[in-house]
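Chemist: A single structure is presented below for examination.
The values are calculated or read from the model by the stated rules, or taken from the named source; none is laboratory data. Worth saying up front: this structure is predicted, and the values here are computed from it rather than measured. As a convention, Cβ positions derive from the backbone with ideal geometry for all residues, glycine included, and neighbour counts pool all protein chains shown. Surface areas here come from the heavy atoms of the whole protein model, side chains and all, with no ligands, DNA or RNA. Shrake-Rupley method; radii C 1.70, N 1.55, O 1.52, S 1.80 Å.
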Amino acid sequence: MHRLWTLKEFPFHPEKLLHHETIFCVGNGYLSTRASFEEGYPKQVPATLVHGIYNHAPGALVPELVNAPNWLPINIRIDGTLFQLITEAIDFLHPAKGALLGYQRTLDMESGVLRREVLFRAKTGSIVRLVFERFASLHDQHVLAQRVQIFVIDGNPEIIVESSIDGDVDNNGYKHWGDFNVEAADNMISIGAKTQQSGYRIGMASKVKASGKLRAKAHGLQPTISTKFTLQPQETATIDKITTIYTSRDTEEPLADAKQKVSEAAKKGYDTLLVKHRAEWRKYWDSSDIQVDGDEEAQIALRFVMYHILIAAPRNDDRVSIGAKTLSGFGYKGHVFWDTELFILPTLTLTQPTIARNLLMYRYHNLSGARNKARANGYEGALFPWESADTGEETTPQWSDPQPDGTRIRIWTGDSEQHIATDIAYAVLQYWHWTGDDEFLRKNGAEIFLDTAVFWGSRAEAKNGRYEISQQIGPDEYHENIDNSVFVNRMVVWHLQSAFNLLNWLKNNAASDCERLVQQLNLTPQRLDHWRDIIAKMYIPFDEQKQIHVQFPGFFDLEYIPVPLYEPRTMSVQAILGHHRTIKTQVIKQADVVALMALLWDELGVSHQVKLNNWNTYYPRTDHGSSLSPAMHTWVASKLGLDETAYEMFQHAAEIDLKDNKGNVRDGIHGAACGGLIQAVLFGFCGLYINAQGKLETEPRLPAHWKQVSFKVYYRGKRRSFTIKNPVAVPPSE
Ligand code: IFM
């Protein structure tokens, strides 16, 4: 039977090497490791990214998440032939380099175990089946485990196995580590190193269990343990390699701790570590699995996106957050965007609330960076950076990489994409509404919410007898530095209104915290009056005649481009027309007015007809140049009853990483597309919401062929199970 928990590659697809390296990643919320091969492969990009370890290279515009030493290398010689995935035409009579006879790779998402089986013939004619397994322990985040099994099918080969840690690693060519300390003794190899600018220290150690006499050697930056033995026909050998990792973010002595931990873990052994790892995954899935009956592809896609969120989500650390590309690639340099709060976090708020809290605490701990940014721009309160790393300071590069013509494009998002302040506030309130975590709100969340409100109070401009906000970039990043983005202005009104509700709640339920915050943030009666004035007089661009929100004044004066005619596209319309022309057109990058509707829905205070008008206006102008877009459109289309479009958008969102339909998965998983897909199912198809009486309700509109959806969510500390049946389920049409 087809297992709906498994991602499979059969046979080997070298042309998809980097795509598969990303999607078959293993991880445990502390680190992730791309699915590079133990024996290496030309142009592969092995990477282990550890939360919080950033470094700013000399000459680089911004810091980046650092590639840790590679714990994967295991080289095997069979009768002297080095095992490699040889893919050129095989000359069976003269297999000079050995021959690849078969290949299959699977990622079991239920247990986070990556497995590869390979049939290989050495040049002597000996044939072996090699089975590689690896996992990053979810039970102990510092432990990484590998097993290789060698089954002899034909011949009695001599086997040499060399297992290393490779300290000679880089991020696209730049080497961040220095101050190496490489050791090898008593069947243990280890590496200590320090990032050159930020000074984070790392310690990694490995031990091997295998037949033959094990010899450890410190070869340059690749300490290695080797062994040699001979196997008889039908005999099997097992090699277990256990590696451990600590950084100076965890302990004062990362190298010493890694060495001690590797001895303990190796003593327990691979099988015991695996049992504990699987048990931990069972707990995870028990809360997070969404089951779809009637659509196997959707089922796999939902497990895939949840798996990738879970392996990136920090369970034991509230000073790190999930980058736009999770921990699975170098894209966006590991920086954290609004992707986390508005796309990834809702999934965690509902299914793993303690992790959601960690992510919000990352913003709380970085409030000082947000305050610096507001002050540096001449404002009060807190303005979170558009891109954030370990310090909470703005890390958006000001310039793009060189374009094909050699020029660089100015990136304005770090200056002007200020809606991030409200996105984070929105996530704080959503977390509180769902969890009822009053303590978080009193001690941390309210400060985030209110100080970002203070920012907007100082940012709104009194002009033309109303309030306006100039020089913004809304979610549609194709239009830069515009005045009066309806998304921004309307969300600011929501933010300030909600700040009053929050202050009221604090006054009635946490008077001393209320008093503290009023003092600390200087929430004087004058300031609150000013907020009331902004709420009453904010300019919300709206076309009375057409009954639509206007994305920004002047938008409809731009050149109209019939986006739907540009099908079947394999790239964004922006890539087709070019950056400079697109800015002057009505092409929209991603849900903008549509995102406003998704986030506020009833609170937007407009009729269903206005929402439909908005949809009919903006959907045909959107090219989904951002991976965040299709899932947001699924959610809104479903709520508007546009069932076919909702499912089309769902499929588009589901394929972003699995099918690499944007062609950039080599750089990492699109974390927001993952979270967005789950959000689209829960809030869109299942119509899950908290009603005015504080009760959970669903207003489902399942795709016609889905028979039912089951899921669990936490609501105010209690876990609630839902099974939503589709009364009109019909089989999918061919
Ligand atoms: O945050 C997004 C943005 O909305 C669109 N460009 C990519 C960013 C990171 O995913």
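Chemist: Output needed: percent of Cα pairs per 10 Å distance bin for region 396-463, bins running from 0 to the one holding the longest distance.
Modeler: 18, 32, 24, 18, 8, 1
Chemist: Please work out how much length the chain gains when fully extended from ALA256 to ASP401, using 0.36 nm per residue of separation minus the C-alpha to C-alpha distance, in nm with one decimal. Kindly include the intermediate steps, with their values, before the conclusion.
Modeler: Numbers: separation 145, 0.36 × 145 = 52.20 nm, distance 4.00 nm.
My answer for the length gained is 48.2 nm.
Chemist: On to the next question. When you have a sec, figure out the Kirkwood radius of region 297-449 from all distinct Cα pair distances and drop it here in Å to one decimal?
Modeler: Details: mean 1/r = 0.0615 Å⁻¹.
Final number for the Kirkwood radius of region 297-449 is 16.3 Å.
Chemist: Holding the Cα-Cα limit at 20 Å, pick out from LYS209/LYS268; LYS8/LYS725; LYS43/LYS209; LYS463/LYS537; LYS8/LYS325; LYS213/LYS276 the pairs that are longer than that. Intermediate results must be reported in sequence, preceding the final value.
Modeler: Values: LYS209/LYS268 12 Å; LYS8/LYS725 30 Å; LYS43/LYS209 30 Å; LYS463/LYS537 10 Å; LYS8/LYS325 22 Å; LYS213/LYS276 29 Å.
The pairs that break the limit, which is 20 Å between Cα atoms, are LYS8/LYS725; LYS43/LYS209; LYS8/LYS325; LYS213/LYS276.
Chemist: Also: Roughly speaking, what is the stretch gain from HIS705 to THR570, that is 0.36 nm per residue apart minus the C-alpha to C-alpha distance, in nm to one decimal?
Modeler: Working: separation 135, 0.36 × 135 = 48.60 nm, distance 2.80 nm.
Length gained, HIS705 through THR570: 45.8 nm.
Chemist: Along the Cα→Cβ direction, 7 angstrom out, place labels at ASP557 and GLN545. What is the inter-label distance in nm?
Modeler: Distance between label points: 1.5 nm.
Chemist: At 7 Å along the Cα-to-beta-carbon direction for both GLN197 and GLU648, put a label point, then send me their distance in nm to one decimal.
Modeler: Output for this residue pair reads 4.5 nm.
Chemist: If you don't mind, there's one more thing I want to ask. Please check which bits of region 291-322 a label hung off ALA60 would reach, taking the label as a point 7 Å along Cα-to-C-beta and the cut-off as backbone N under 18 Å.
Modeler: Once the point is set 7 Å along Cα→Cβ of ALA60, 321-322 turn out to lie under 18 Å by backbone N, inside region 291-322.
Chemist: Also, I was wondering about something else. If you put +1 on each Lys and Arg Cβ and -1 on each Asp and Glu Cβ, how big is the dipole of the chain around its Cα centre, in Debye rounded to 20?
Modeler: 1360
Chemist: Could you go through region 70-78 in sequence order and give the Karplus-derived ³J(HN,Hα) for each residue, using 6.51 cos²θ - 1.76 cosθ + 1.60 with θ = phi - 60°, rounded to whole Hz, and x for Gly and Pro?
Modeler: For region 70-78, the Karplus-derived couplings read 7, 8, 7, x, 9, 9, 10, 10, 10 Hz, x marking Gly and Pro.
Chemist: What does the convex hull of the Cα atoms come to per residue for the chain, in Å³? Intermediate values should be presented prior to the final figure.
Modeler: Details: hull volume 126.5 nm³, N = 734.
Per residue, the Cα convex hull of the chain comes to 172 Å³.
Chemist: What number, in percent, do you get for the relative contact order of region 338-394 if the mean sequence gap of Cα pairs under 8 Å and at least 6 apart is divided by its residue count?
Modeler: Working: 56 pairs, mean separation 14.5, N = 57.
In percent, rounded to a whole number, it is 25.
Chemist: Kindly write out, for region 188-205 in residue order, the coupling ³J(HN,Hα) from the Karplus curve 6.51 cos²θ - 1.76 cosθ + 1.60 (θ = phi - 60°), rounded to whole Hz, with x marking Gly and Pro.
Modeler: Calculated HN-Hα couplings, in order: 9, 10, 7, 9, x, 7, 9, 6, 5, 9, 7, x, 6, 9, 10, x, 9, 9 Hz.
Chemist: Then there's this: Looking at region 592-672, I'd like the Rg to Rh ratio, where Rg is from alpha-carbon atoms and Rh is Kirkwood's inverse mean 1/r.
Modeler: Values: Rg = 13.4 Å, Rh = 13.3 Å.
When Rh is taken as the Kirkwood radius, the ratio is 1.01.
Chemist: Can I ask one more? Mind checking which aspartates and glutamates have their Cα closer than 18 Å to the Cα of LYS194? Skip sequence neighbours fewer than 8 apart in that chain.
Modeler: By straight Cα distance, LYS194 reaches GLU64, ASP166, ASP168, ASP170, ASP179, GLU183, ASP250, GLU252, GLU253, ASP257, ASP390.
Chemist: Can you show me the helix-derived [θ] at 222 nm for the chain, built from DSSP H runs with n ≥ 4 at -39,500 (n - 2.57) apiece and divided by the number of residues, rounded to the nearest 500.
Modeler: Values: 20 runs with 233 residues, N = 734.
Result for the chain, helices only: -10000 deg cm²/dmol.
Chemist: Same structure again: If you add up the charges near ALA389, with Lys and Arg at +1 and Asp and Glu at -1, over every other residue whose beta carbon is less than 10 angstrom from its beta carbon, what do you get? Intermediate values should be presented prior to the final figure.
Modeler: Values: positive: LYS333; negative: GLU64, GLU387, ASP390, GLU393, GLU394.
Charge balance near ALA389 sits at -4.
Chemist: Next question, about the same structure. Kindly report, to the nearest 10 Å², the accessible surface of GLU162 as traced by a 1.4 Å probe over protein heavy atoms only.
Modeler: Surface accessible to solvent at GLU162 totals approximately 80 Å².
Chemist: With all distinct Cα pairs included, what does the Kirkwood hydrodynamic radius of region 30-78 come out to in Å, to one decimal, could you say?
Modeler: On the way: mean 1/r = 0.0800 Å⁻¹.
Averaging 1/r across every pair of different Cα atoms and inverting gives 12.5 Å.
Chemist: Taking 45 Å as R0, compute the FRET efficiency from the Cβ-Cβ separation of ILE409 and GLU297 and round it to 0.05.
Modeler: Details: r = 37 Å, r/R0 = 0.83.
The pair ILE409/GLU297 has a calculated efficiency of 0.75.
Chemist: Normalised by the residues of the chain, what does the relative contact order come to in percent, with Cα pairs under 8 Å and at least six apart?
Modeler: 11
Chemist: In units of 2.2 N^0.38 Å, what is the alpha-carbon radius of gyration of region 83-214?
Modeler: Working: Rg = 18.4 Å, N = 132, 2.2 N^0.38 = 14.1 Å.
In units of the 2.2 N^0.38 Å rule of thumb, it is 1.31.
Chemist: May I pose another question? Given the Cα-Cα distance of LYS283 and ASN522 and 0.36 nm per residue of separation, how much length would full extension add, in nm? Intermediate results must be reported in sequence, preceding the final value.
Modeler: Details: separation 239, 0.36 × 239 = 86.04 nm, distance 4.44 nm.
Contour length minus the Cα-Cα distance gives 81.6 nm.
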